[in-house]
Amino acid sequence: MRKGEIAQILTKSNCGLLSSPESKDELVNNVMKIKSMKDDEIEVMSKNSIKFYNENFKKSMVFEKILNLL
C-alpha cells in the first residue's frame, strides 16, 4: 500500500490509480489501464472524485468543519 495523503485520498475515494513517484513504468501502466477502461468505469471514478471533493474540500464543507472545531 502506498503512503502519503494523496495515496490515502485516492484509495479512500476510489477515484484514480496510484503509481510510485519514482516508477515511470507504473505510471505508463496506469495510463494504459485508464485508456482501456470502459466509459462507465471512468464515469464511476469521475463521480467518486466529485463526491469526495464535495464532502471534504468544498468551501462550505471546510467552513463547517472549522466551525465544528471551535
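The values are calculated or read from the model by the stated rules, or taken from the named source; none is laboratory data. The model shown is predicted, which means the values in this text are computed figures rather than measured ones. Positions of Cβ are generated from backbone atoms using ideal geometry, with glycine treated the same way; all protein chains shown enter the neighbour counts. Note: accessible area is taken over every heavy atom of the protein model, side chains too, but ligands, DNA and RNA are not part of it. Shrake-Rupley method; radii C 1.70, N 1.55, O 1.52, S 1.80 Å.
Less than 17 Å apart at the alpha-carbon level, and either on another chain or at least 8 residues along: which lysines does that give for Lys65?
Lys51
Excluding same-chain residues fewer than 8 positions from Lys33, which aspartates and glutamates have a Cα within less than 19 Å of its Cα?
Glu22, Asp25, Glu41, Glu43
Would you mind computing, in nm to one decimal, how far apart the modelled labels at Val31 and Asn14 are, each placed 7 Å from Cα along Cα→Cβ?
Taking the two extended label points, one gets 2.7 nm.
I need the calculated FRET efficiency for the pair Lys38 and Lys59, taking r as the beta carbon distance and R₀ as 30 Å, to the nearest 0.05.
Working from the Cβ atoms, E equals 0.35.
Kindly provide the GluC sites (Glu not before Pro) of region 1-61 that DSSP labels as loop, not H, G, I, E or B, and whose Cβ sees at most 11 other Cβ atoms within 10 Å. Working shown, then result.
Details: sites: Glu5, Glu22, Glu26, Glu41, Glu43, Glu55; in loops: Glu22.
Qualifying residues, ordered by number: Glu22.
Got the relative contact order for the chain handy, in percent, Cα pairs under 8 Å and 6 or more residues apart?
Reported as a whole number, the value is 27 percent.
So which chymotrypsin sites (Phe, Trp or Tyr not before Pro) in region 1-67 end up in coil per DSSP with only 10 or fewer other C-beta atoms within 10 Å? Mind dumping the intermediate values first?
Working: sites: Phe52, Tyr53, Phe57, Phe63; in loops: Phe57.
Filter output for region 1-67: Phe57.
Any idea which of Ala7, Met37, Ser20 is furthest toward the positive side of the dipole for region 1-67, if Lys and Arg beta-carbons carry +1 and Asp and Glu beta-carbons -1?
Value computed over the given set: Ala7.
Below 17 Å, Cα to Cα, which lysines can Lys47 reach? Residues fewer than 8 away in the same chain don't count.
The reachable lysines, counting only those whose Cα sits under 17 Å from Lys47, are Lys12, Lys38, Lys58.
Which value, in debye to the nearest 20, describes the size of the charge dipole of the chain about its Cα centre when Lys and Arg Cβ atoms bear +1, Asp and Glu Cβ atoms bear -1, and nothing else is charged?
Roughly 160 debye for the chain.
If I compute solvent accessible area with a 1.4 Å probe over the protein chains, what percent of it on the chain is carbon and sulfur? Intermediate values should be presented prior to the final figure.
Numbers: 3550 of 6030 Å².
Roughly 59 percent, rounded to a whole number.
Can you list the HN-Hα couplings for region 54-63, worked out from phi with the Karplus curve (6.51, -1.76, 1.60; θ = phi - 60°), rounded to whole Hz and with x for Gly and Pro?
4, 7, 10, 10, 4, 3, 5, 5, 5, 4
With a cut-off of at most 16 other beta carbons within 10 Å, and DSSP calling the residue loop, which trypsin sites (Lys or Arg not before Pro) in region 1-55 qualify? Please list them.
Taking region 1-55 and a limit of 16 other Cβ atoms within 10 Å, the loop trypsin sites (Lys or Arg not before Pro) found are Arg2, Lys3, Lys38.
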